[in-house]
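The values are calculated or read from the model by the stated rules, or taken from the named source; none is laboratory data. Values in this document were obtained by computation on a predicted structure and should not be read as measured data. Using ideal geometry, Cβ is built from the backbone for each residue, glycine included, and neighbour counts are taken over all protein chains shown.
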Amino acid sequence: MTVANAKTTITQDFVERRIDKLTKLWKAGMQSSKDPEVQVSKSPYNKPHSKLKRSVYTLVKKCVEHNLIHVIEKRVMLQHENSGTFKPSDSNKKNPFYWGLLAVCTKRNPLPRSNLHRFALELQYANMHDVPVHFLIGFIYQIGTSEGLQDKIRNSIMQPWFKDGQNKPLSENKSKKQRSD
């Protein structure tokens, strides 16, 4: 088994440290995007929101895989325990990417509510398609508007251009094709 294919075990401590690191990166990215002296990338892949989406997507997928999503939820609940205004909708409560975004985008470095909800839906929909993180931003651009995304998620509606096995490593696709010939 190669290192690239090896599954690493993550711990609660790893999740906590990773959230802290992502929060600092998010804060720095948002500050630099407001600074006129800083050259912001024209590529959507390198924009602060795209970096946030990729980072949260990766972290949440690992937490779900290792049954550690409760660590993120607990962290968010502690951040908002005295606010009195934190009341996520039922659909948001069920979306682990919503919790991941909230954990990283704290009250000091908030993400506007409309973006929070839209980003969480985009990440959840990408996860339904098992999109690899390096294709995440392209996938989000391909699906276009986020209108109707909640219905697509609720009804498990996949993108019509998405084919099963499309996101498998090239070597796996070749071996399937060679077997069918």
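Among the residues that make up segment 73-82, is at least one of them touching a residue at least 40 places away in the same chain (Cβ under 8 Å), under 23 Å from Val15 (Cβ atoms) and over 14 Å from the mean Cα position of the chain (by Cα)? Yes, because at least one residue in segment 73-82 is touching a residue at least 40 places away in the same chain (Cβ under 8 Å), under 23 Å from Val15 (Cβ atoms) and over 14 Å from the mean Cα position of the chain (by Cα).
Applying the set (1) under 17 Å from Glu16 (Cβ atoms); (2) surrounded by fewer than 20 Cβ atoms within 10 Å (Cβ to Cβ) to Gly100 leaves exactly one unmet item: (2). Among the residues of segment 161-174, none qualifies, meaning not one is modelled with pLDDT of 75 or more, within 21 Å of Val64 (Cβ to Cβ) and not in a helix (DSSP H, G or I).
Within segment 93-107, the set of residues being farther than 16 Å from Asn127 by Cα and out of contact with any helix residue (DSSP H, G or I) (no Cβ under 8 Å at 6 or more places or on another chain) comprises just one member, Lys93.
Got at least one residue in segment 117-135 being β-branched (Val, Ile, Thr), crowded, with 20+ Cβ neighbours inside 10 Å and closer than 21 Å to Leu25 by Cα? No. Residues that are part of a helix (DSSP H, G or I) and farther than 20 Å from Arg118 by Cβ within segment 77-104 comprise Met77, Leu78, Gln79, listed in sequence order. Checking each residue in segment 74-97 for being crowded, with 18+ Cβ neighbours inside 10 Å and within 21 Å of Arg17 (Cβ to Cβ) picks out Arg75, Val76, Pro96, Phe97. Checking the structure you have, find out if any residue of segment 28-42 is under 16 Å from the mean Cα position of the chain (by Cα), modelled with pLDDT under 95, surrounded by 12 or more Cβ atoms within 10 Å (Cβ to Cβ) and not in a loop (DSSP other than H, G, I, E, B). No, segment 28-42 has no match at all. Could you tell me whether segment 144-160 includes any residue that is assigned to a helix (DSSP H, G or I), modelled with pLDDT of 90 or more, under 23 Å from Ser91 (Cα atoms) and in contact with an Asp or Glu (Cβ under 8 Å, 6 or more places away or on another chain)? Among the residues of segment 144-160, at least one is assigned to a helix (DSSP H, G or I), modelled with pLDDT of 90 or more, under 23 Å from Ser91 (Cα atoms) and in contact with an Asp or Glu (Cβ under 8 Å, 6 or more places away or on another chain), which makes the answer yes. Counting residues in segment 95-115 that are β-branched (Val, Ile, Thr), over 23 Å from Phe162 (Cα atoms) and without any contact (Cβ under 8 Å) to a residue 60 or more places away in the chain gives zero.
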